[in-house]
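Peer 1: Could you have a look at this structure, given as structure tokens, before my questions?
The values are calculated or read from the model by the stated rules, or taken from the named source; none is laboratory data. Because the structure is predicted, anything quoted here is derived from the model rather than measured. Glycine gets a Cβ as well: all are built from the backbone with ideal geometry, and neighbour counts include every protein chain shown.
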Amino acid sequence: MRILLTGAGGQIGHDLIGTLVAAGHEVTPTDLAPRPPSHAHAGGEWQRLDVTDAAAVTKLFTEVRPELVFHLAAILSARGEADPRLAYDVNQTGTWNVLEACRALHVGRLIFTSSIAVFGPPPSGPLPDPTPDDVPLHPTTMYGVTKVSGELLCAYYRARHGVDCRGVRFPGLISAAMPGGGSSDYALFMYVDGVRKGAYEAFARADTRIPLMYMPDGVRALLELAMADRERLTRTIYNIAAMSPRADEIATSVRRLLPDAQFTYKPEAVRQGILDSWPKALDDAAARRDWGWAHAYDLDAMTDDLVPRVRRMLELGATLNTH
Ligand code: SER
């Protein structure tokens, strides 16, 4: 299948490209930035693409003629609060441009990556725990606002123009790739700094609890949703869940492998505020029912797999990924 990825230089692209290439697909990874060294292994012919540039999106889609698009380009929550205009341009206008290109060029299928950041505390009281798919959405960040809008646009383009757009609301994703700009990054840095420094001061409280997922599960979710029969899907966008450990429970899990690692907690107001506005856990019953979603990694299984990978990544000299 001919598959195009936007935002391929980010944390999801790092793992998704390689999986798609290994499965024999013809993959075109695209990003505003050149291929990062950390993605060198992944394969596919990298193309520069700025999703905010409508003409460039249409031109590249016309050349590549993808049958399936994974729209990953986005500015994450914390970086988006530092630069809301950039977050609006990339997340909002970028999604519009990609949907328009899919409509005009009859792209068969579009996968949208939404997020727990679409949720926020409703005026009527706290979010239900776990939080189901259909609750009033009150995002507190520009990232969340644009993801809500992206979800609605996906449903609109599907109903109005027949673009087969479908998506997941990802928990915070953890993998052996440097993240950047997310509020959930404290979780990955417990692994990265636990390995490289033997210590990490988290920007979140010890009792912070949000939905998290190990990247191999996240990549599999995207592939399974992309390949699911349309008739089985009762929704456009699905909650998916794996685990919801507290920050200090992640520390305990990491210390099983790195007994000397020290973890301390110094909450930083903006990111802690964002984390506190998100659900503590997601109810993903619809995904499990409609397309058989099931996570494979719990916290300790993730830790066992991830610590050696982080060690390898650091030995290879990873640099901070700013996507
Ligand atoms: N992980 C993202 C963030 O922290 C949420 O989707 O912004």
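Peer 1: Select, from 205, 220, 209, the only residue that is charged (D, E, K, R) and more than 22 Å from residue 283 (Cα to Cα).
Peer 2: 205
Peer 1: What number of residues within segment 178-213 are outside any helix (DSSP H, G or I) and within 13 Å of the ligand (Cβ to nearest atom)?
Peer 2: Of the residues in that region, 13 qualify.
Peer 1: Here are some conditions: (1) of a type outside the set (Gly, Ala, Ser); (2) buried (at least 23 other Cβ atoms within 10 Å of the Cβ); (3) over 15 Å from the mean Cα position of the chain (by Cα). Residue 213 meets all but one. Which one does it not meet?
Peer 2: (3)
Yes/no per residue for (1) within 29 Å of residue 162 (Cα to Cα); (2) surrounded by 20 or more Cβ atoms within 10 Å (Cβ to Cβ); (3) in contact (Cβ under 8 Å) with a residue 40 or more places away in the chain:
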| site | (1), (2), (3) |
| --- | --- |
| 1 | yes, no, yes |
| 8 | yes, yes, yes |
| 34 | no, no, no |
| 70 | yes, yes, yes |
| 76 | yes, yes, yes |
| 87 | yes, yes, yes |
| 90 | yes, yes, no |
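Peer 1: Give the number of residues within segment 105-141 that are touching an Asp or Glu at 6+ places or on another chain (Cβ under 8 Å), assigned to a loop (DSSP other than H, G, I, E, B) and within 15 Å of the ligand (Cβ to nearest atom).
Peer 2: 1
Peer 1: Which condition number in (1) outside any loop (DSSP other than H, G, I, E, B); (2) touching a residue at least 60 places away in the same chain (Cβ under 8 Å); (3) surrounded by fewer than 23 Cβ atoms within 10 Å (Cβ to Cβ) is the one that residue 144 fails?
Peer 2: For residue 144, the exception is condition (3).
Peer 1: Only one of (1) part of a loop (DSSP other than H, G, I, E, B); (2) at pLDDT 95 or above; (3) surrounded by fewer than 19 Cβ atoms within 10 Å (Cβ to Cβ) is not met by residue 322, so which one is it?
Peer 2: For residue 322, the exception is condition (2).
Peer 1: Residues of segment 239-254 being touching a Phe, Trp or Tyr at 6+ places or on another chain (Cβ under 8 Å) and more than 16 Å from the ligand (Cβ to nearest atom), which ones?
Peer 2: Listed by number, the residues that qualify are 248, 251, 254.
Peer 1: Considering only segment 221-230, I want to know if a residue exists there that is loosely packed, with under 14 Cβ neighbours inside 10 Å, under 26 Å from residue 135 (Cβ atoms) and in contact (Cβ under 8 Å) with a residue 40 or more places away in the chain.
Peer 2: Yes: one or more hits.
Peer 1: Taking segment 8-38 only, how many residues are in a loop (DSSP other than H, G, I, E, B) and touching a strand residue (DSSP E or B) at 6+ places or on another chain (Cβ under 9 Å)?
Peer 2: 8
Peer 1: Against the condition more than 21 Å from residue 272 (Cα to Cα), part of a helix (DSSP H, G or I), under 18 Å from the mean Cα position of the chain (by Cα) and more than 16 Å from the ligand (Cβ to nearest atom), how does residue 224 come out, does it pass?
Peer 2: So residue 224 fits the description; yes.
Peer 1: Determine if segment 155-174 includes at least one residue that is modelled with pLDDT under 95, closer than 30 Å to residue 37 by Cβ, within 11 Å of the ligand (Cβ to nearest atom) and touching a helix residue (DSSP H, G or I) at 6+ places or on another chain (Cβ under 8 Å).
Peer 2: Within segment 155-174, none of the residues are modelled with pLDDT under 95, closer than 30 Å to residue 37 by Cβ, within 11 Å of the ligand (Cβ to nearest atom) and touching a helix residue (DSSP H, G or I) at 6+ places or on another chain (Cβ under 8 Å).
Peer 1: Here is a further query. Enumerate the pairs (first residue in segment 166-182 and under 17 Å from residue 139 (Cβ atoms); second residue anywhere and among the charged types (D, E, K, R) and within 7 Å of the ligand (Cβ to nearest atom)) with beta-carbon separation below 9 Å, excluding pairs fewer than 6 apart on the same chain, so at least 6 apart or on different chains.
Peer 2: Between residues of segment 166-182 that are under 17 Å from residue 139 (Cβ atoms) and residues that are among the charged types (D, E, K, R) and within 7 Å of the ligand (Cβ to nearest atom), the close pairs are 172/185.
Peer 1: On to the next question. So which helices (runs of 4 or more DSSP H) stay within segment 52-93 end to end and still have 1 or more residues that are in contact with a Cys (Cβ under 8 Å, 6 or more places away or on another chain), within 23 Å of residue 20 (Cβ to Cβ) and more than 16 Å from the ligand (Cβ to nearest atom)?
Peer 2: The qualifying helices (runs of 4 or more DSSP H) are 54-64.
Peer 1: Restricting attention to segment 233-246, does a residue exist that is within 18 Å of residue 111 (Cβ to Cβ) and loosely packed, with under 14 Cβ neighbours inside 10 Å?
Peer 2: yes
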